[in-house]
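One structure below.
The values are calculated or read from the model by the stated rules, or taken from the named source; none is laboratory data. Quick caveat, the model's predicted, so the values are computed rather than measured. As a convention, Cβ positions derive from the backbone with ideal geometry for all residues, glycine included, and neighbour counts pool all protein chains shown.
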């Protein structure tokens, strides 16, 4: 039976560094176990694999190093899971904060409209608004109408048109809000390929029909 004695000084520096390759944490990977350290070393030295039965006799110092590497592996795996949970909870909190902080939609008047447009500069608020506008899994104009119904009341919609014709306020001039509407519509898997033109036509029709919905 072939035995290989590995002392601390015998392990090349590249194997020590590999155990502490922290960027692997960001990539979703882990570090190798302590047992793999010995196998990697055997392969790197071109030792006859046929004569090697996988048994490695370790000095006490080397055994302690491998034990610590196994502990480090478990710790990094635990930290990775904690990081994933933190990021997921952070996204959920952004949306909940918008709900608790203020009732921003549906919009009732031009003042609220302009204030909402100003706040969309914050990427977190923008994502929260898009999340609030996700209202259905409908297809076509109905999906767009549902998003707009969540965005503004019919009374306010009656004062709007897509391009501001006939003395009405222009919907498309509020670029940030319009962008959120586009994103909310396309987040619907049934509407992911909707073009700007498709959405704009539905917006115009919905705004034009606002007075009839009031009456």
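Points to keep in mind about this one:
- Residue match in the range 116-132 (condition: touching a strand residue (DSSP E or B) at 6+ places or on another chain (Cβ under 9 Å) and touching a residue at least 40 places away in the same chain (Cβ under 8 Å)): yes
- Check on residue 142, assigned to a helix (DSSP H, G or I), touching a helix residue (DSSP H, G or I) at 6+ places or on another chain (Cβ under 8 Å) and in the same structural domain as residue 123 (by TED's automatic domain parsing): no
- All conditions but one from (1) out of contact with any strand residue (DSSP E or B) (no Cβ under 7 Å at 6 or more places or on another chain); (2) surrounded by fewer than 19 Cβ atoms within 10 Å (Cβ to Cβ) apply to residue 168; the one that does not is (1).
- Residue within the range 170-177 that is farther than 17 Å from residue 106 by Cα and in a helix (DSSP H, G or I) present: yes
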